[in-house]
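K.L.:
Provided herewith is a single structure, encoded as structure tokens, for subsequent inquiry.
Each reported figure results from applying straightforward, stated rules to the coordinates on display, with no laboratory input. Please read these numbers as outputs of a predicted model, since none were measured by experiment. Every residue, glycine as well, gets a Cβ built from its backbone with ideal geometry; the counts of neighbours run over all protein chains shown.
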Amino acid sequence: MGLSKTIWTNPTEFLRNQQPENPVLFFAPSVVQAMARRFLDGFPGLVTYAVKSNPGEEMVENLIAAGVKGFDCASPFEIDLIRRLAPDAAIHYNNPVRSRAEIAHAVARGIKSYSVDSASELAKLIEMVPAAGTEISVRFKLPVAGAAYNFGAKFGATEELAVELLKTVAAAGFVPSITFHPGTQCTDPNAWASYIREAAVIARRAGVKIRRLNVGGGFPNHRATGVVPQLDATFETIGRVAREAFGADLPELVCEPGRALCGDAFTLAARIKAVRDDLHVFLNDGLYGSLFELGQIGIIDRIEVLDPQGTRRSGAVHGRICFGPTCDSVDRLPGDVPFPDDIAEGDFVVVHGMGAYSTVTNSRFNGFGELQLVTVLSLKL
Ligand SMILES: *Cc1c(COP(=O)(O)O)cnc(C)c1O
């Protein structure tokens, strides 16, 4: 999956000219750069990019060009990728569970920031990582509604445990910090408010003045037509609540957005293989392809349909059952997918907001998954 060298004006121009048989993801560097600047200008602290959401080199390079200087990595592979593309960038190794070989790899690469949510994994870090100047952030969880996934189900210490871990981090001579992740596609700014207040309680109970508070990712991208992400309100809430909750002990703030930075910079064009007996729509992409995440967190309804000549289908919109190309019956988009009534075989189904958790989870199951990346000046059709 290499990026083509030609830059097209917009998806329509490419689709009309190339009539691609396989799914295409269109990438607009201008969109990711603008989004990076919104974060850099609006967030009251350090902006780091969660590499896992889209580790494409074109994505990372555009973020660097826009001024992003920090990266949240979860594996040796991601650490090496960022070291190669941005040798001077800050790398935070924020996967709370690591094998000893992974820790050794990070130490050898000079990684100075780690997160942890358990006594056993903290013991490994204390044993293997030189303390001086190295930050360990204690990750805690709250039961908070408002996000598409419940991140707390896998990671995050309870308040009791977080207090103990933070004391241990400080006593071992590491730079003590706190982190959390409110859950991905979190559209409610109050989720961050609850977490930040709880972080202040944990620091106070531990009697530790923390250097930094990392408020995680979870900032939403634009998936539902009627729900435009309120980034500025979220930034304002984070800054205000941190000042209120920590007072004179206000830590530096860090965020680690993934989908909010990369999500809106890609638009997918899948092709209709068949409208079976005028009923079910079969696409050349699905849950085993770039649409994997729709099965986890629900449909993106920012959908437009073009006929093969690039003209927009304009029939009344109704929900239809929509399948991906594989022979697996779970390969069905969730719920009913909104399509104009006049769609036909050979049309292009254009789905906006497809930059996060798409290229990277695309599989070759059943021989499908040949995905082309195309650079465009604009994602508007
Ligand atoms: C996945 C992840 C992120 C990014 O999450 P988004 O919802 O894409 O913003 C940030 N931090 C950590 C620790 C993660 O695991």
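K.L.:
In whole angstrom, note down how far apart the Cα centers of segment 150-219 and segment 249-274 are.
P.N.:
After rounding, the separation between the Cα centres reads 23 Å.
K.L.:
For segment 29-262, what relative contact order do you get, as a whole percent, if you take Cα pairs closer than 8 Å and at least 6 residues apart? Intermediate values should be presented prior to the final figure.
P.N.:
On the way: 451 pairs, mean separation 48.2, N = 234.
It rounds to 21 percent for segment 29-262.
K.L.:
Follow-up question, since we're still on this one. Obtain the radius of gyration and the Kirkwood radius of segment 29-262 from its C-alpha atoms and give Rg over Rh.
P.N.:
Computed over Cα atoms, the ratio is 0.94.
K.L.:
Order these peptides, 11-21, 267-277, by their mean beta-carbon neighbour count within 10 angstrom, highest first.
P.N.:
Sorting 11-21, 267-277 by mean packing, highest first, produces 267-277, 11-21.
K.L.:
To continue, here is another question. Among all the lysines, which ones have a C-alpha under 20 Å from Lys141's C-alpha, if same-chain residues fewer than 8 places away are not counted?
P.N.:
Lys154, Lys167, Lys209
K.L.:
What is the distance in Å between the Cα centres of segment 279-327 and segment 6-59?
P.N.:
20
K.L.:
Same structure again: Antiparallel DSSP bridges in the chain: what percent, to the nearest 5? Write out the running numbers ahead of the final one.
P.N.:
Details: 22 of 56 bridges.
That works out to approximately 40 percent antiparallel.
K.L.:
In square nanometres, what is one fourth of the surface area of the convex hull spanned by the alpha carbons of segment 1-70?
P.N.:
Convex hull of Cα atoms, orientation-averaged projection: 5.6 nm².
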